[in-house]
Amino acid sequence: MLRRYLALRLLVAVPSLLIATVIVFTLPRLIPGDAVQLMLAETSYAKDIDELRAKLGLDRPFHVQYVEWLGRAVRGDLGESLWTRRAVVDELAQRLPVTAELALDATLIALLIALPVGVLAAARQDSLSDYVVRSLAILGLSVPGFWLATLLIVLPAIWWGWRPVTGFVEFRADPLGHVGQILLPAAILGVASAAALMRLTRGMLLEVLRQDYVRTAWAKGLAERSVVIKHGLRNAVIPVVTLLGTQLPQILGGTVVIETIFGLPGVSRFLFDAINQRDYPVIQGVNLLVVATVVAVNLAVDALYAVLDPRIRY
Amino acid sequence: MSLTRREVLTLGGATLAAATLVPRAARAQTPRRGGTLTLRLWDPPTWDPDLTISYKTHIAHTFTHSRLVRHRAGPGVAPGTFPVEGDLAESWTQPSETTYVFKLRRGVRWHPKPPVNGRELTAEDVKYTVERFLTLKGNANAYMLRSVDKVEALDRYTVKFTLKEPFAWFLDMLANPMAVAIIARECVEKFGDLKPAEAVIGTGPWMLEGYRPNVGYTFVRHPAYFVAGLPNIDRIEVTVDEDNASRTASFLAGKYDLGWENPGIISRSDWLQIKDTLKSKRPGLRTLEFPGNVGNHLSMRVDQRPFSDLRVRQAMSMALDRKALIDALYEGVGVANPPGVPVALKEWSLPVDQLGEGAKNFGYDPKEARRLLAAAGYPNGFSGSVCWATYGSTIVVDHAQLVVKYLKDIGIDAKLDTKEYGAYISTCFYGKFDSMAFGPQTPFLDGDNYLFGYYYPGEMKNQSHVNDPVVADMIVRQRRTLDPAKRREIIQDIQRYLARQVYYTTSVGQVYTAVWDGALKNYGPNLGYDYGGRLLAAWLER
């Protein structure tokens, strides 16, 4: 059953991905004005406009370009960066680990904060700790990540003449330094997600804790931990997982600013530079990667539903 | 506060005083080898110096590449002056007005990297470089050597340039880091062009060791650099840091040895915010102030109505309250630039109060401006558009909005037509607009670029579409006048003439605050991209 459910979800993901590829491929071509003319004027990607059009494959009909691009993309060929002249896939392979690590760490930090705090707030509803936690959550939602990052960089420099490590520290070169470098930006990214997840965890858990079966569990004399975690949290967590899935694009969006502030050479920063450089193969490649990641994460979230709640089936 | 002529002279005097005092102190110290200097620079859009006009590339090449001649650097050189001295050229002669013969130093070695592997530089390398510079499609700076008719390698160490016509600024062009970093043919042949970082191979004092986009790069000492004992500094660690808060924090924490903006400065607003903190955090820090050479102006289609009417142009110039602009934009410390050559180039620029009859056009007089507009047939003003780009700078945004506000005060309804940076550079920056355009201009180091580029008919940067035979003739004359004193007279005449014609509404510019770590000795800040040149003989005492 589970296998069939996953297969069906996978099938549904394919058209989503295809539609996304059409958008990713079309958008750069909808920019007003002759983008190629601008590229030629600003950069030195080719000797003349005809050469640049040919280089970008723009000298052929649109549908032919799309099919060719998609065919290559499926085979793992996203073209060559006009800026660095390296294969886009190679560039992404070099930068993806940085962004992936940042996003994963941010998600992990968000979960590590949100779940226990959300459970605590729900279990101690209307207590001082509940109010404190809820206030902090609103603060976490309200404070923009870039502002928090700015404060965390500038204030220690003013007070103690210290700032976080600049330049990227490779894990292989200095594991501790690397973790120390990633931790702060990941925490900043994770805070906003943690606030949203915590509020939802609390709300859903409160709803579940009022269900009859929970009252039965209390009546049976089960320990609080067992009632709240085993009977309550597992049933409350499905919307939280959904939210976690939707948080990923937000976290990925946040990495553009955070990678710039902390000097991390990730995919988001690469995309930002590519836009400035009008490096269209890279823009398309990165967007395709982001779209594919979001589709994959949503697929994983759907799969997780089935694991968390065996009643969910297609 | 705007700088008066007296203040500019005082500034210059202070600079000169510093310049003359410091070298003695520096000479009294013994240069020290070693150490690592840390800088904030930029990701070059490409590493090929001939395929970009970006300072981000040209600055990086001042560390790794040599030129035939260069601008002398060090604490003895007053900012805003650019004496020329030999770099690869040991000496040169000028047998005629159109001929230059350069004798190259012997034993100059390329960096010990493939494909050149440290071979000796020859006259053929210079010839190849100049010919590539002149003929490479996509080299927007090729105009700087447009006067060159041919270049010949007379023997292994002698290069002869023949010009099409006398060009008094020829050596200045060769010395400018925007042009002619000497490259090796083998590199171009191996890599197809010089875009990849692996192709950054020169004869300069440092070698590019590693480059990681968005992170930074490292320069290490060239062991066979042609000046014995130089450079003193072993390593230069460059951080690419695109966030101002991050840069500020890094500087406060002592992670950058020079100010983080080009050319080793800190902007006035940032400086005012951190200078008190720096007194305790970095007490040895040294500073020097001098006018910046980035001019800001409003260009307009003077080949069309209403801007073809002199009275309209005069009115627009009189509409600007330059003192108020300096107060608003630069915390009260800035310069009101004359037309043509900005105040920063002190050897060539004529201050506003010496512009003669045209000086009145640079005073704030909205009443007279309205009268002139009415006399020109626009009693109710007129409307137009101002093409511009933000440059990602709040100062540029404020500047554009204030200029538009002042125009509005006299009845000119100028709508800001905001363009994305790239679109702006490829269109309005090169005069492709219908009404007006506004923005900062390229910071040149010579008078000619400011005059020939912006005022000679048909030039790419002639944004206002000026076609005035009088000014064109004077510009050509100054180009052909080799005697600097006589050339200065012509340039001053040009500026007086331009002040009367106001083909551009010239606005105000910054006074730079150059900042460097106290441990960096024998360093003298200046305008221009030549970071490598200014650091060549400097050393670190930490």
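Nothing in this text is a laboratory measurement; each read-out follows from the coordinates by a stated rule. As the structure is a prediction and not an experimental result, all values here were calculated from the model. We place every Cβ from the backbone using ideal geometry, glycine too, and count neighbours over all the protein chains shown.
Rounded to the nearest 0.05, what FRET efficiency do B:A228 and B:T158 have when you use their Cβ-Cβ distance and R0 = 25 Å? Write out the running numbers ahead of the final one.
On the way: r = 23 Å, r/R0 = 0.91.
Calculated transfer efficiency: 0.65.
Between Rg and the Kirkwood Rh of chain A, both from Cα atoms, what is the Rg to Rh ratio? Write down the numbers at each step before the final one.
Working: Rg = 23.6 Å, Rh = 22.4 Å.
Dividing the radius of gyration by the Kirkwood radius yields 1.05.
Roughly what percent of Cα-Cα pairs across the stretch B:310-437 reach past 17 Å? Before the final figure, lay out each step's value.
Working: 5178 of 8128 pairs.
The calculated P(r) of the stretch B:310-437 puts 64 percent of pairs beyond 17 Å.
Return one number: the angle in degrees, 0 to 90 and rounded to the nearest 10, between the long axis of the Cα atoms of helix B:268-281 and the longest principal axis of the Cα atoms of chain B.
50 degrees
How big is the stretch B:361-504 on each of its three principal axes, counting only the C-alpha atoms and giving the largest first in Å?
Largest to smallest, the principal-axis extents are 47, 39, 25 Å.
Just checking the output field for B:418-424: average partner chain Cβ neighbours within 10 Å of each residue's Cβ? Don't skip to the answer; put the middle values down first.
Working: counts 0, 1, 7, 2, 10, 8, 1.
That works out to 4 on average.
How much length would be gained if the chain were fully extended between A:Q250 and A:D126, taking 0.36 nm per residue of separation minus their Cα-Cα distance, in nm to one decimal? Write out the running numbers ahead of the final one.
Details: separation 124, 0.36 × 124 = 44.64 nm, distance 3.03 nm.
Full-extension gain reported as 41.6 nm.
Rank by packing, highest mean first: peptides A:72-85, A:193-206, A:213-226, A:92-105, with packing defined as the count of other Cβ atoms within 10 Å averaged across residues. It would help to have the intermediate numbers written out before the result.
Details: A:72-85: 16.9, A:193-206: 23.2, A:213-226: 11.8, A:92-105: 18.9.
Ranking the peptides A:72-85, A:193-206, A:213-226, A:92-105 by packing returns A:193-206, A:92-105, A:72-85, A:213-226.
Can you show me the helix-derived [θ] at 222 nm for chain B, built from DSSP H runs with n ≥ 4 at -39,500 (n - 2.57) apiece and divided by the number of residues, rounded to the nearest 500. Working shown, then result.
Details: 16 runs with 178 residues, N = 542.
Result for chain B: -10000 deg cm²/dmol, rounded to the nearest 500.
What FRET efficiency would be calculated for the residue pair A:I229, B:A472, taking the C-beta separation as r and a Förster radius of 60 Å, to the nearest 0.05? Working shown, then result.
On the way: r = 85 Å, r/R0 = 1.42.
With a Förster radius of 60 Å, E is 0.10.
Would you please calculate the Kirkwood hydrodynamic radius of the stretch B:501-542 over all C-alpha pairs and express it in Å, rounded to one decimal? Let's see the in-between values first.
On the way: mean 1/r = 0.0769 Å⁻¹.
It works out to 13.0 Å.
Averaged over its residues, how many other protein chain Cβ atoms are within 10 Å of peptide A:272-279's Cβ atoms? Write out the running numbers ahead of the final one.
On the way: counts 2, 5, 0, 2, 6, 4, 2, 0.
Mean shielding by partner chains, rounded to a whole number: 3.
In the stretch B:288-396, which trypsin sites (Lys or Arg not before Pro) are in a loop and have at most 14 other Cβ atoms within 10 Å, using DSSP for the loop call? Numbers along the way, then the final one.
On the way: sites: B:R301, B:R311, B:R313, B:R322, B:K323, B:K346, B:K360, B:K367, B:R370, B:R371; in loops: B:R301, B:K346.
The qualifying sites: there are none.
Report the label-to-label distance for A:L183 and B:E165 in nanometres (one decimal), using points 7 Å from each Cα along the Cα→Cβ vector.
6.8 nm
Quick one: divide the alpha-carbon radius of gyration of the stretch B:88-154 by 2.2 N^0.38 Å and tell me what you get. Don't jump to the answer; show the numbers that get you there.
Numbers: Rg = 13.8 Å, N = 67, 2.2 N^0.38 = 10.9 Å.
Against the compact-globule rule of thumb, the ratio is 1.26.
Testing the spin-label approximation: label points 7 Å from Cα along Cα→Cβ at B:R542 and B:S269. State their distance in nm.
Result: 3.1 nm between the two label points.
Please state the shape class of the stretch B:170-313: rounded when a/c is under 1.5, otherwise prolate if a/b exceeds b/c and oblate if not, all from the C-alpha gyration tensor. Before the final figure, lay out each step's value.
Details: a/c = 2.12, a/b = 1.16, b/c = 1.82.
Oblate shape, in that a/c is at least 1.5 and b/c is the bigger or equal ratio.
Classify the stretch B:72-183 from the C-alpha gyration tensor, please: rounded if a/c falls under 1.5, else prolate or oblate depending on whether a/b exceeds b/c.
Values: a/c = 1.33, a/b = 1.12, b/c = 1.19.
Rounded, since a/c falls under 1.5.
When N is the residue count of the stretch A:190-314, what does its C-alpha Rg come to as a fraction of 2.2 N^0.38 Å?
On the way: Rg = 20.0 Å, N = 125, 2.2 N^0.38 = 13.8 Å.
Against the empirical 2.2 N^0.38 Å value, I get 1.45 for the stretch A:190-314.
What trypsin sites (Lys or Arg not before Pro) does the stretch B:89-167 have in DSSP loop regions with at most 14 other beta carbons within 10 Å? Could the numbers behind the result be given before it?
Values: sites: B:K103, B:R105, B:R106, B:R109, B:R119, B:K127, B:R132, B:K137, B:R146, B:K150, B:R156, B:K160, B:K164; in loops: B:R105, B:R106, B:R119, B:K137, B:R146, B:R156, B:K164.
Loop-located and lightly packed - B:R106, B:R119, B:K137, B:R146, B:R156, B:K164.
Please rank B:L298, B:L288, fewest neighbouring Cβ atoms within 10 Å first, as an exposure proxy.
Values: B:L298 27, B:L288 23.
In increasing order of surrounding Cβ atoms, one gets B:L288, B:L298.
Taking chain B as the region of interest, what is the percent of Cα-Cα pairs per 10 angstrom bin, listed from the shortest bin to the one with the maximum distance?
Each 10 Å bin holds this share of Cα pairs: 4, 18, 28, 27, 17, 6, 1, 0.
How big is the gap, in Å, between the Cα center of the stretch A:163-183 and the Cα center of the stretch A:95-140?
Cα centroid to Cα centroid, the span is 24 Å.
So, how do all the Cα-to-Cα distances of the stretch A:143-257 break down into 5 Å bins, in percent, from 0 on up?
2, 10, 15, 14, 13, 11, 10, 9, 8, 5, 3, 1
Between A:R3 and A:R311, what FRET efficiency follows from the Cβ-Cβ distance if R0 is 22 Å, with the result rounded to 0.05? Spell out each step's value before the answer.
Details: r = 17 Å, r/R0 = 0.77.
Efficiency computed from Cβ-Cβ geometry: 0.85.
Please go through the residue pairs A:K55/B:K432; B:K415/B:K461; B:K255/B:K419; B:K275/B:K367; B:K275/B:K360; B:K346/B:K415 and name each one whose alpha carbons sit more than 30 Å apart in this structure. All intermediate terms of the calculation are to be shown ahead of the outcome.
Values: A:K55/B:K432 27 Å; B:K415/B:K461 23 Å; B:K255/B:K419 36 Å; B:K275/B:K367 41 Å; B:K275/B:K360 37 Å; B:K346/B:K415 35 Å.
Correct reply: B:K255/B:K419; B:K275/B:K367; B:K275/B:K360; B:K346/B:K415.
Please give the average number of partner chain Cβ atoms lying within 10 Å of the Cβ of each residue in B:236-243, rounded to a whole number.
Details: counts 0, 2, 1, 3, 5, 6, 7, 11.
That works out to 4 on average.
With labels modelled as points extended 7 Å from the Cα through the Cβ direction, what inter-label distance (nm, one decimal) is found for A:K220 paired with B:T30?
8.6 nm
Could you compute the net charge surrounding A:L189? Neighbours are other residues with a C-beta less than 11 Å from the C-beta of A:L189; K and R count +1, D and E count -1.
Working: positive: none; negative: A:D105, A:E259.
That sum, taken over residues with Cβ under 11 Å, equals -2.
Which three extents, in angstrom, do the Cα atoms of the protein assembly as shown have along their principal axes, listed largest first?
106, 71, 64
For B:K127, give me every one of the lysines with a C-alpha distance below 20 angstrom, ignoring sequence neighbours fewer than eight places off in its own chain.
B:K103, B:K137, B:K150, B:K160, B:K164, B:K190
Quick one: Karplus J couplings for the stretch B:175-182, per residue in order, coefficients 6.51, -1.76, 1.60, θ = phi - 60°, nearest Hz, x for Gly and Pro?
7, 6, x, 6, 10, 6, 6, 6
Treat the stretch B:309-370 as a sphere of radius equal to its Kirkwood radius over Cα pairs and apply Stokes-Einstein at 4 °C in a medium of 1.567 mPa s; give the translational diffusion coefficient in µm²/s, rounded to a whole number. Don't skip to the end; give the middle numbers.
Details: Rh = 12.4 Å.
Taking Rh from Cα pairs, D becomes 104 µm²/s.
Dipole magnitude of the stretch B:215-374 about its Cα centre, charges +1 at Lys/Arg Cβ and -1 at Asp/Glu Cβ only, in debye to the nearest 20? Write down the numbers at each step before the final one.
Values: 21 positive and 20 negative charges, 54 e Å.
That gives the stretch B:215-374 a dipole magnitude of about 260 debye.
Separation of the stretch A:187-205 and the stretch B:387-438 by C-alpha centroid, Å?
44 Å
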